[in-house]
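What follows is a single structure, written as structure tokens, with notes after it.
The values are calculated or read from the model by the stated rules, or taken from the named source; none is laboratory data. Here the structure is a predicted model, which means the values were calculated and not measured. Reconstructed Cβ throughout: ideal geometry from the backbone, glycine too, with neighbour counts over all protein chains shown. Accessible surface areas use protein heavy atoms only, side chains included; no ligands, DNA or RNA. Shrake-Rupley method; radii C 1.70, N 1.55, O 1.52, S 1.80 Å.
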Amino acid sequence: FFSEGAMNELSVSALSPDVLVHIASFLSVRDVLALSLVNKALYRVAQEQQLWRALVGGWFAEAPADGDWKALFREFSLHLQHAKTKQLAVEAPQEGCSSFDGRGQGPEETLRIGREFWSSRGNSDVNSAEWITYRLLQPICYVRKVIIRVYRAWYQHGFPIYAPQRVSFSFGYTPDTWHYTTEEFPVEKNDLDQSFFVTDVVRGAGYVRVNMLGRTQRQPGDELWYTVLASAAVFGLPFGAFVILVVGVERSRAGV
């Protein structure tokens, strides 16, 4: 009879490499590195380019099918460790929002310093949602945090603050396709900067959508619910000039 350890090794070796790679693709990078220390068969699995493509390919748009994905992970991780987070250059096209309440209240106003603001249209449903999409001017960025400031209407009775109940953030390479959305974060009802850290995963992005979920303030007069933002800023690392030579792509992402 086989010992328990021998049975475990036999059962693993009986699986095809493709099956083992598929199973390993659900692990974290740290777990894959630990897996490579178990035995020779799992070491070979941990070196498979197909596995590393599954682990890190989601960072990049138009990822090539071939290349040294493990080397890309090593190069990219090293860059992340030494680069400093900075405010990323963004723009907010007027059509890049769920609604706005009128001229001079479009999403681009959240990028201007002063008393400007974006306002949703009024809604009778307190749980309704709104969103604004920001385009990152660098085509590939690693986003670490988003800062928003909710608008306080000093010109209205009682100085109301038009905060959403919660926010989440979606990331993608086009304004219509999102490959990752964060958890929902509660929003405080004040007019101070509120920071939301989104570093639970490493994700490349060309667009960031701020999802504003639910409402907290009716407007005096029409008694409809509104969400209003005074400003928004995205912080992270730009990779627009990151040349992915390690995967055989002899071009800069700045040209994408």
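Here are a few things to note about the model shown:
- Among the residues of segment 87-137, those that are over 20 Å from Thr216 (Cα atoms), touching a helix residue (DSSP H, G or I) at 6+ places or on another chain (Cβ under 8 Å) and part of a loop (DSSP other than H, G, I, E, B) comprise Ala92, Pro93, Gln94, Gly96, Glu116.
- Criterion (modelled with pLDDT under 70 and either of a type in the set (Asp, Glu) or touching a His at 6+ places or on another chain (Cβ under 9 Å) (or both)) met by exactly one of Glu62, Glu48: Glu62
- Among residues of segment 86-125, those that are free of Cβ contacts under 8 Å to residues at least 24 places away in the same chain and either open to solvent by less than 30 Å² (accessible area, probe 1.4 Å) or in contact with a His (Cβ under 6 Å, 6 or more places away or on another chain) (or both), counted: 3
- Number of the exception - Ala83 against (1) small (Gly, Ala, Ser); (2) under 21 Å from the mean Cα position of the chain (by Cα); (3) modelled with pLDDT of 90 or more; (4) surrounded by fewer than 15 Cβ atoms within 10 Å (Cβ to Cβ): (3)
- The set of residues in segment 176-198 that are open to solvent by less than 60 Å² (accessible area, probe 1.4 Å), assigned to a loop (DSSP other than H, G, I, E, B) and either modelled with pLDDT of 90 or more or not hydrophobic (A, V, I, L, M, F, W, C) (or both) comprises Thr182, Val187, Asn190, Asp191.
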